[in-house]
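J.: The following block contains the structure, expressed as structure tokens.
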Amino acid sequence: MKRQYFAYRSFLPELETMKAFRKEGIDTFAYMISNTCNSLGTPYTPYPPVWKWNGVYDLDSFKRQTDNILGAVPDAKLICMLDLNTPAWWSRYLGAFGVRHDSYYGLGKISGSETWRKDVMAYLETVLTYAEKEYADHIVAYVLGGGGATEWHDRSHGKESVYRVTRFREWQKLQGKAPTDIPGLMRRCSCSHDFDNTYNDIATYYNGIDPTGCFSTLFPDGFGLLRTPAENADVIDYWRFVNEFNAQTVAGIFTAARKMIRMEVELGAFFGYCFGTWTLFAGHLAYEEFYRSDAVDFIIAPIGREHRVGGNSSSAAIPESVRLCGKRLLQEMDQRTFTSNRKINEYCELPDPSANEVKDNSFKDATDSMELSRKFSMDPGGGIWQTERDVCAGIKRDSALCLIEGQSMWWFDMWGGFYRGEKVMETFRKTREIWNRHAGETPASVAQILIVADPDNMYLLNDMNPRCGSFLNQPTISASLSGMPYKVCSFRDLEELDCSPFLFVVLCHPFQLSGQKRNLLEHKLFRDGKTVLFLYGICIDEAGKWDESQNPEICGVPFGSSGIGRHDFRTWRALYAYRPETLSIERFRELACEAGCHAFTHLPRAVRVNERFLCIHTAWAETILVTLKQSYTAVRELYTGLTFRNTDRFELKTDGPETFLFVLEKEEP
């Protein structure tokens, strides 16, 4: 398995903060060399761009940025992120001919261009060659980024370009299909089935819905939820091409970069976002293909920042898919705190969520730029850590996730000021000490809950529909707060995954099940008394036609049944939930307990656990009864030393936000 990082990251030269982190034992620092502006239109860093013109590179700018960090922390280990988005001058030059596009928001429109590829590779080789020569003693890894947010998002929403049409027609020929044009906007943004508009999600602006309301005018009846191969094959094919081409493009860049650096240096990438609103439009759905690349060592994904204190943290990627491909997941901790800097530059200041400046975050029909900018805030009224105690509890909770799951992490001090105060830094010191002692241990999982995403069937979902993300989000959030450990995998992972420990399984996207998929389910899940819950249902037959008649045969109840349906087959139990929101935290916990899963807390709380460690997190003053699966000689809390001896149950009393991290000892140390 690859290296396990505990690092600090910022866009800015937060040199004093870096010194403070180093004092507390954190010695790895991530920084970004960028030539472009962020989504607010301001430069990512205060340093001049390196990429000045065709073949003109200011390597002194790279040197100044790197030397500033080493001046503050001379023994720093560096993770150097390179923003490969083309600068503004590159997009403008020849842009009038329709042959240049901004890779930040139009990655898929330009990534098929040989000129773009050659120019990006020339820049990459120049910078890597310089970095390897000058800073080999410090750089332990590179992260290569591009596209939207430098996270390889293709935010062009499938829009055409001469390169994209050419590459699409090449893809069609390889698939044995007749070359065609790209489906038009109205065609690719709509679908054929389920126009129920009673569910709404105010965050759907990421999916391409125009916040000014134009899309609502174009689609007065809604966008629909599902496509079928029989009725929408052209659109499904196109979105599959978009995602596969993006994965192949990024993999090609990494393969080339691997040849430019030392063997021991690792390469990482943001990729594989599947939660929430990132599905088809982001270009990440072919993540399994990218994860199989030998050139990639670790995958980065942000932790869900909607999870305030009292919640639990989950990754935007599929953790088991990363692990089974031999990579390590690096969780980006970009949680917001009450001390976060909100002043991005002289003119741009984000609203203050803790002051409740943003009471209505709906974007539809808002045509005033001032109003839109007021509402654009990181988690308005949402997941901000509002007190120093919140921050300390959150640091311990999210670090425990990485320790227990064997993942890496970096604490993203995005615009500075996120982590301040003596108690906060003391918490980092203790956390790093625990990490130094225990990171790298590989205790076995004790998870009995498995959540299964199916990227193949996610191609059938319409990103324009605000329900599309709920099929994975809702069960994951409920599982994370059930008081029970869980795993998240992709459907194809079932072939390799040992499914014997799992008693309760959620199939998030079972819309179409081929004979091959049914055989895999029967071999791995439809057996041994397991409980398998189907979300939404099976509604598309093998011929690609809408067909609800399969649902009773496989799920045991009619398609669209309300509540939680159930049917006992000879060797397993089927559960059915048409609407994901039916799976509230309490209901999810109840169903998992009925399936035989062990609840570690008597209340639904955030729990992470394996055979060696147990983490329990709460935001409230309360007494929590903890029940272990077996008796231990000692159950020792690693931050406080609190110890329970010769027991399989104990009580935790809290007076507010707190996180406990226990080591489970079968013999006295």
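The values are calculated or read from the model by the stated rules, or taken from the named source; none is laboratory data. Quick caveat, the model's predicted, so the values are computed rather than measured. FYI the Cβ positions are ideal-geometry reconstructions off the backbone, even for glycines, and counts take in every protein chain you see.
J.: Here is a list: Ile451, Ile395. Which entry is of a type in the set (Val, Ile, Thr), touching a residue at least 12 places away in the same chain (Cβ under 8 Å) and part of a helix (DSSP H, G or I)?
T.: Of the residues listed, the single one that is of a type in the set (Val, Ile, Thr), touching a residue at least 12 places away in the same chain (Cβ under 8 Å) and part of a helix (DSSP H, G or I) is Ile395.
J.: Looking at the stretch 254-265, which of its residues are closer than 30 Å to Asp454 by Cβ and out of contact with any Leu (no Cβ under 7 Å at 6 or more places or on another chain)? First the steps, then the outcome.
T.: Let us first name the residues in the stretch 254-265 that are closer than 30 Å to Asp454 by Cβ, namely 254-255.
Of everything in the stretch 254-265, just one residue is closer than 30 Å to Asp454 by Cβ and out of contact with any Leu (no Cβ under 7 Å at 6 or more places or on another chain), namely Thr255.
J.: Looking at the stretch 164-195, which of its residues are aromatic (Phe, Trp, Tyr), under 30 Å from Ala317 (Cβ atoms) and surrounded by fewer than 20 Cβ atoms within 10 Å (Cβ to Cβ)? Working first, answer last.
T.: Taking the stretch 164-195 as the starting set, the residues that turn out to be aromatic (Phe, Trp, Tyr) are 168, 171, 195.
Still in the list and also under 30 Å from Ala317 (Cβ atoms): 168, 171.
Result: Trp171, single match.
J.: Now, a different point. When you check Tyr135 against the structure, is it outside the structural domain of Leu513 (by TED's automatic domain parsing), hydroxyl-bearing (Ser, Thr, Tyr) and at pLDDT 95 or above, yes or no?
T.: Details: outside the structural domain of Leu513 (by TED's automatic domain parsing): yes; hydroxyl-bearing (Ser, Thr, Tyr): yes; at pLDDT 95 or above: yes.
Taking the combined requirement at face value, the residue satisfies it.
J.: Right, next: Condition check: aliphatic (A, V, I, L, M), part of a loop (DSSP other than H, G, I, E, B) and under 32 Å from the mean Cα position of the chain (by Cα). Does Leu614 satisfy that?
T.: It is false that Leu614 is aliphatic (A, V, I, L, M), part of a loop (DSSP other than H, G, I, E, B) and under 32 Å from the mean Cα position of the chain (by Cα).
J.: A follow-up question, please. Examine the stretch 249-270 for a residue that is within 30 Å of Lys118 (Cα to Cα), aromatic (Phe, Trp, Tyr) and either free of Cβ contacts under 8 Å to residues at least 60 places away in the same chain or assigned by TED's automatic domain parsing to the domain that holds Gly158 (or both), and state whether such a residue exists. Working first, answer last.
T.: So in the stretch 249-270, the residues within 30 Å of Lys118 (Cα to Cα) come out as 249-270.
Keeping just the survivors that are aromatic (Phe, Trp, Tyr) gives 254, 270.
Pick out the ones that are also either free of Cβ contacts under 8 Å to residues at least 60 places away in the same chain or assigned by TED's automatic domain parsing to the domain that holds Gly158 (or both) and you get 254, 270.
So far as the stretch 249-270 goes, yes, one or more of its residues are within 30 Å of Lys118 (Cα to Cα), aromatic (Phe, Trp, Tyr) and either free of Cβ contacts under 8 Å to residues at least 60 places away in the same chain or assigned by TED's automatic domain parsing to the domain that holds Gly158 (or both).
J.: Also, I was wondering about something else. What helices (runs of 4 or more DSSP H) lie completely within the stretch 114-197 and have 2 or more residues being closer than 17 Å to Phe245 by Cα?
T.: By residue number, 114-134, 162-174.
J.: Any residue at all in the stretch 38-47 that is outside any strand (DSSP E or B), modelled with pLDDT under 95 and farther than 30 Å from Tyr5 by Cβ?
T.: Taking every residue of the stretch 38-47 in turn, at least one turns out to be outside any strand (DSSP E or B), modelled with pLDDT under 95 and farther than 30 Å from Tyr5 by Cβ.
J.: So, Tyr104, is that one under 25 Å from the mean Cα position of the chain (by Cα), closer than 17 Å to Trp51 by Cα and either in a helix (DSSP H, G or I) or in contact (Cβ under 8 Å) with a residue 24 or more places away in the chain (or both) or not?
T.: Considered against the rule, which asks whether it is under 25 Å from the mean Cα position of the chain (by Cα), closer than 17 Å to Trp51 by Cα and either in a helix (DSSP H, G or I) or in contact (Cβ under 8 Å) with a residue 24 or more places away in the chain (or both), Tyr104 comes out as yes.
J.: So, one more: Looking at the stretch 567-595 only, could you name the residues that are surrounded by fewer than 18 Cβ atoms within 10 Å (Cβ to Cβ), more than 27 Å from Pro466 (Cα to Cα) and not acidic (Asp, Glu)?
T.: If the condition is that a residue be surrounded by fewer than 18 Cβ atoms within 10 Å (Cβ to Cβ), more than 27 Å from Pro466 (Cα to Cα) and not acidic (Asp, Glu), then His567, Phe569, Arg570, Thr571, Cys593 are the ones that fit.
J.: Now for a separate question. Which one is farthest from Val663 (Cα to Cα) among residues in the stretch 390-400 that are buried (at least 24 other Cβ atoms within 10 Å of the Cβ) and among the hydrophobic types (A, V, I, L, M, F, W, C)?
T.: Among those residues, the one meeting the criterion is Val391.
J.: Identify, please: which residue in the stretch 160-192 is modelled with pLDDT of 95 or more and either in contact with a Leu (Cβ under 8 Å, 6 or more places away or on another chain) or of a type in the set (S, T, N, Q) (or both) and is, among those, farthest from Tyr291 (Cα to Cα)?
T.: Thr180
J.: So which of Asp154, Asp67, Asp137 ends up being among the acidic types (Asp, Glu) and closer than 20 Å to Phe270 by Cα?
T.: The conditions single out Asp154.
J.: Can you list residue pairs whose Cβ atoms sit under 6 Å apart, with the first residue in the stretch 559-583 being farther than 20 Å from Leu525 by Cα and the second being among the small types (Gly, Ala, Ser) and assigned to a strand (DSSP E or B)? Count only pairs 6 or more apart in sequence or on different chains.
T.: From the stretch 559-583, the pairs are Leu583/Ala577.
J.: Here's something else I'd like to know. Those residues that are over 23 Å from Met414 (Cβ atoms) and of a type in the set (Phe, Trp, Tyr), I need them from the stretch 52-67; list them, please.
T.: Once the filter is applied, which keeps residues that are over 23 Å from Met414 (Cβ atoms) and of a type in the set (Phe, Trp, Tyr), the stretch 52-67 yields Trp53, Tyr57.
J.: In the stretch 1-37, which residues are of a type in the set (Lys, Arg) and either touching a Leu at 6+ places or on another chain (Cβ under 8 Å) or in a strand (DSSP E or B) (or both)? Write out each step before concluding.
T.: Here is the first cut: in the stretch 1-37, the residues of a type in the set (Lys, Arg) are 2-3, 9, 19, 22-23.
The answer is Arg9, and nothing else.
J.: Assuming Arg64 fulfils every condition listed in (1) under 31 Å from the mean Cα position of the chain (by Cα); (2) under 25 Å from Ala20 (Cα atoms) apart from one, which condition is it?
T.: (1)
J.: Same structure, new question: Criterion first (touching a residue at least 40 places away in the same chain (Cβ under 8 Å), aliphatic (A, V, I, L, M) and farther than 27 Å from Ser216 by Cβ) does Leu144 satisfy it? I'd like the intermediate steps shown before the answer.
T.: Numbers: touching a residue at least 40 places away in the same chain (Cβ under 8 Å): yes; aliphatic (A, V, I, L, M): yes; farther than 27 Å from Ser216 by Cβ: yes.
Yes: the conditions hold for Leu144.
J.: Moving to a separate point now. Give the residues of the stretch 551-571 that are in contact with a strand residue (DSSP E or B) (Cβ under 7 Å, 6 or more places away or on another chain) and either among the basic types (Lys, Arg) or not assigned by TED's automatic domain parsing to the domain that holds Leu520 (or both), sorted by residue number.
T.: If the condition is that a residue be in contact with a strand residue (DSSP E or B) (Cβ under 7 Å, 6 or more places away or on another chain) and either among the basic types (Lys, Arg) or not assigned by TED's automatic domain parsing to the domain that holds Leu520 (or both), then Arg566 is the only one that fits.
J.: Are there any pairs, at least 6 apart or on different chains, whose C-beta atoms fall under 6 Å, with the first in the stretch 405-430 and in a loop (DSSP other than H, G, I, E, B) and the second of a type in the set (Gly, Ala, Ser), and if so, which?
T.: Asp413/Ser10; Gly417/Ser340; Phe418/Ser340
J.: Just name the residue that is nearest to the chain's Cα centre (by Cα) out of those in the stretch 602-611 that are more than 16 Å from Pro501 (Cβ to Cβ) and surrounded by fewer than 20 Cβ atoms within 10 Å (Cβ to Cβ).
T.: So the residue we want is Pro604.
J.: Do you know which of the residues in the stretch 104-134 that are within 22 Å of Glu266 (Cα to Cα) and among the small types (Gly, Ala, Ser) is surrounded by the fewest Cβ atoms within 10 Å (Cβ to Cβ)?
T.: Residue satisfying both the conditions and the ranking: Ala122.
J.: Look at Thr427 and say whether it is at pLDDT below 95, of a type outside the set (Asp, Glu), over 20 Å from the mean Cα position of the chain (by Cα) and within 30 Å of Tyr8 (Cβ to Cβ).
T.: no
J.: Please enumerate the residues belonging to the stretch 74-117 that are on the phi > 0 side of the Ramachandran plot and among the small types (Gly, Ala, Ser).
T.: The one that is on the phi > 0 side of the Ramachandran plot and among the small types (Gly, Ala, Ser): Gly98.
J.: Of the numbered conditions (1) part of a strand (DSSP E or B); (2) under 31 Å from the mean Cα position of the chain (by Cα); (3) not assigned by TED's automatic domain parsing to the domain that holds Ser470, Ala574 satisfies every one except a single condition; which is it?
T.: Unmet condition: (3).
Yes/no per residue for (1) in contact with a helix residue (DSSP H, G or I) (Cβ under 7 Å, 6 or more places away or on another chain); (2) under 22 Å from Ser482 (Cβ atoms); (3) outside the structural domain of Arg612 (by TED's automatic domain parsing); (4) not in a strand (DSSP E or B):
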{"residue": "Thr623", "(1), (2), (3), (4)": "no, yes, no, no"}
{"residue": "Val626", "(1), (2), (3), (4)": "no, yes, no, no"}
{"residue": "Ser631", "(1), (2), (3), (4)": "no, no, no, no"}
{"residue": "Arg636", "(1), (2), (3), (4)": "no, no, no, no"}
{"residue": "Asn646", "(1), (2), (3), (4)": "no, no, no, no"}
{"residue": "Phe650", "(1), (2), (3), (4)": "no, yes, no, no"}
{"residue": "Thr654", "(1), (2), (3), (4)": "no, yes, no, no"}
{"residue": "Thr659", "(1), (2), (3), (4)": "yes, yes, no, no"}
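Listed here are the residues, each with its yes/no results for (1) out of contact with any Phe, Trp or Tyr (no Cβ under 8 Å at 6 or more places or on another chain); (2) of a type in the set (Lys, Arg); (3) in a helix (DSSP H, G or I).
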residue: Cys499; (1), (2), (3): yes, no, no
residue: Phe502; (1), (2), (3): yes, no, no
residue: Ala543; (1), (2), (3): yes, no, no
residue: Ile554; (1), (2), (3): no, no, yes
residue: Ser562; (1), (2), (3): no, no, no
residue: Arg570; (1), (2), (3): yes, yes, no
residue: Glu590; (1), (2), (3): yes, no, yes
